[in-house]
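Okay, so here's the structure we're looking at.
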Amino acid sequence: LIDSASVRKCCAAILFVDVATAFAAVSRQLIVPAACSADILQQQVIALGIDAVLVQEVIGAMCKGGVWNSSGASEHLIALLTDWYKFTWSTLEGVDTLLAQGTGCSAGNPCADIFFAIAYSQVLDKTRTALSEVGLVEFLNCDEANSYFGFDSDAAPATVIREPTYADDTAFAIFGDASDIISRLTSAATIVWREFTIRGFTVNFGVKKT
């Protein structure tokens, strides 16, 4: 990422994003449709100052299980996935009763790692789209490579510089001139916070985190 900016002779800022208690706190609406009530999530997000209409629109779409419907999943599979997460529970040392779980896909939950990857990919996709709308997604100039391999540069799709991600850690590359790199970084951080927060993820702004 830094080399790409260097070739362009522009400044680069790498926005590293860490999510707090990601697996335990991921919204189940991102995993399976109508797995639990969205009322609490809506109230929490609106209380943070995000527009109520936008919150209702986004969370309403989440609850419809769009990722499964768009992938052609059968009604039987969706019902099975929903049932898996209907009665999950955990135990805690010193507590005599079972604790009902309404969020997260932590260790012990069915297909936890796979479901988290699906949920997180949705958040990254929406974040990338929001960044692109304000010109904060970068592209690689592959004209010379296309020419070398015999591809038509005009017909070849643009090569987006995607954010490297490992589990719940992500880095967004922000390029710009020295005069505007800080304002572009601020805009990117604001968008990342909004898109993550509205979908139930808490961006960790602790020391040595985001």
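Please work out how many pairs of lysine residues in the chain are eight or more positions apart (or on different chains) and have Cα atoms closer than 27 angstrom.
Numbers: Lys64/Lys86; Lys64/Lys126; Lys86/Lys126; Lys126/Lys208; Lys126/Lys209.
Summing the qualifying lysine pairs gives 5.
Among the trypsin sites (Lys or Arg not before Pro) found in the stretch 96-184, those both in a DSSP coil and sparsely packed, with 14 or fewer other Cβ atoms within 10 Å of their Cβ, are Arg162. Helix 52-62 and the longest principal axis of the C-alpha atoms of the chain enclose an angle of approximately 80°. Highest GNM mean-square fluctuation among Val17, Val137, Val95, for the chain modelled with Cα contacts below 10 Å: Val95.
A DSSP coil position with no more than 12 other Cβ atoms inside 10 Å describes the following GluC sites (Glu not before Pro) in the stretch 60-133: Glu93.
Roughly how many Å² is the accessible area per residue of the stretch 71-143, as a whole number, for a 1.4 Å probe? Provide the component values of the computation, followed by the final result.
On the way: 4530 Å² over 73 residues.
For the stretch 71-143, the per-residue accessible area is 62 Å².
Measuring nothing but how far apart in sequence close Cα pairs (under 8 Å, 6+ apart) lie, relative to its length, the stretch 111-210 scores a relative contact order of 26 percent.
The values are calculated or read from the model by the stated rules, or taken from the named source; none is laboratory data. From a predicted model like this one, the values you see are computed outputs, not experimental measurements. Every residue, glycine as well, gets a Cβ built from its backbone with ideal geometry; the counts of neighbours run over all protein chains shown. Only protein heavy atoms, including side chains, enter the accessible area calculation; ligands, DNA and RNA are left aside. Shrake-Rupley method; radii C 1.70, N 1.55, O 1.52, S 1.80 Å.
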